[in-house]
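Peer 1: Would you mind keeping the following structure in view while I ask a few things?
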Amino acid sequence: MANREAPAQLSKRSHSLRGLALAAGALSAGVFLLNGCGNSELTSYVADDGRYEVLMPRPVRTEVRTGPAGERIDLLHYERHDGAFGVVHKQSPISVYESESDLRKRLEDNRSWVFQGERGTITSETRLLLQEKWPGRKLEGKLPNNVRFRARLYLADGRLYQLIVIGKPSWVFSKDATRFLESFAVR
């Protein structure tokens, strides 16, 4: 039996996706506007609400944005001249009635906004599980001007999380970028 959504639900989902795309676009724009410097040593960062932990360089910035449908979008990021790390999340409750295929579809729907507004192209995609429990996607891609990105999307603990590394290829494919992406954990 197909799961059909009412037009109002589809409209909310597309507004929500645009909100996340705006947050991701702001992060990518920040990479090019800031020419910061400093130590990129990774240290443990626990979210203010205690719901996730990740290794991040310091100093980090946090922002709260409002998406087009009025949803809250939280952004945590570290930026410097050659790239940025970021964690973007919003509420995305999972119904106990959603099947694995429903969850896969939600992830596929949400992966399409990753840098699409910035003329990004996803060049590699792999399914994965966070903490052997929550479904996710591992993405790699490119933007104009030799900018690359690596991202992880997870539906976990009632939220949609996106982890992003964006910048010069040497930054995006560095050991620190891999440690950042692999360190994310829901608490």
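Peer 1: Check off (1) loosely packed, with under 13 Cβ neighbours inside 10 Å; (2) closer than 24 Å to residue 70 by Cβ for residue 101 and give me the number that stays unchecked.
Peer 2: All conditions pass for residue 101, except number (2).
Peer 1: For residues that are touching a residue at least 24 places away in the same chain (Cβ under 8 Å) and either part of a loop (DSSP other than H, G, I, E, B) or of a type in the set (Val, Ile, Thr) (or both), scanning just the stretch 48-64, find the one that is nearest to residue 90 (Cα to Cα).
Peer 2: 51
Peer 1: Moving on. Considering each of 186, 96, 165 in turn, give the residue that is under 26 Å from residue 72 (Cβ atoms), surrounded by fewer than 18 Cβ atoms within 10 Å (Cβ to Cβ) and modelled with pLDDT of 95 or more.
Peer 2: 186
Peer 1: Which members of the stretch 145-187 meet the condition of being closer than 23 Å to residue 108 by Cα and in a loop (DSSP other than H, G, I, E, B)?
Peer 2: Result: 157, 158, 184.
Peer 1: Evaluate the following for residue 126: is it assigned to a helix (DSSP H, G or I), farther than 17 Å from residue 76 by Cβ and either in contact with a His (Cβ under 9 Å, 6 or more places away or on another chain) or among the polar types (S, T, N, Q) (or both)?
Peer 2: Taking the combined requirement at face value, the residue does not satisfy it.
Peer 1: Condition test on residue 126, is it at pLDDT below 90 and among the polar types (S, T, N, Q)?
Peer 2: Here the answer is no, as residue 126 does not meet what is asked.
Peer 1: Now, a different point. Give the residue that is nearest to residue 169 (Cα to Cα), with candidates limited to residues of the stretch 76-96 that are under 15 Å from the mean Cα position of the chain (by Cα) and among the hydrophobic types (A, V, I, L, M, F, W, C).
Peer 2: Restricting to residues being under 15 Å from the mean Cα position of the chain (by Cα) and among the hydrophobic types (A, V, I, L, M, F, W, C), the top hit is 84.
Peer 1: What single numbered condition from (1) at pLDDT below 95; (2) within 19 Å of residue 152 (Cα to Cα) fails to hold for residue 54?
Peer 2: With respect to (1) at pLDDT below 95; (2) within 19 Å of residue 152 (Cα to Cα), residue 54 is out only on (1).
Peer 1: Answer yes or no: is there a residue in the stretch 71-88 that is among the small types (Gly, Ala, Ser), modelled with pLDDT under 85 and outside any helix (DSSP H, G or I).
Peer 2: no
The values are calculated or read from the model by the stated rules, or taken from the named source; none is laboratory data. Keep in mind it's a predicted model, so treat the numbers as computed, not measured. Neighbour counts run over all protein chains shown; Cβ positions are idealised from the backbone, glycine included.
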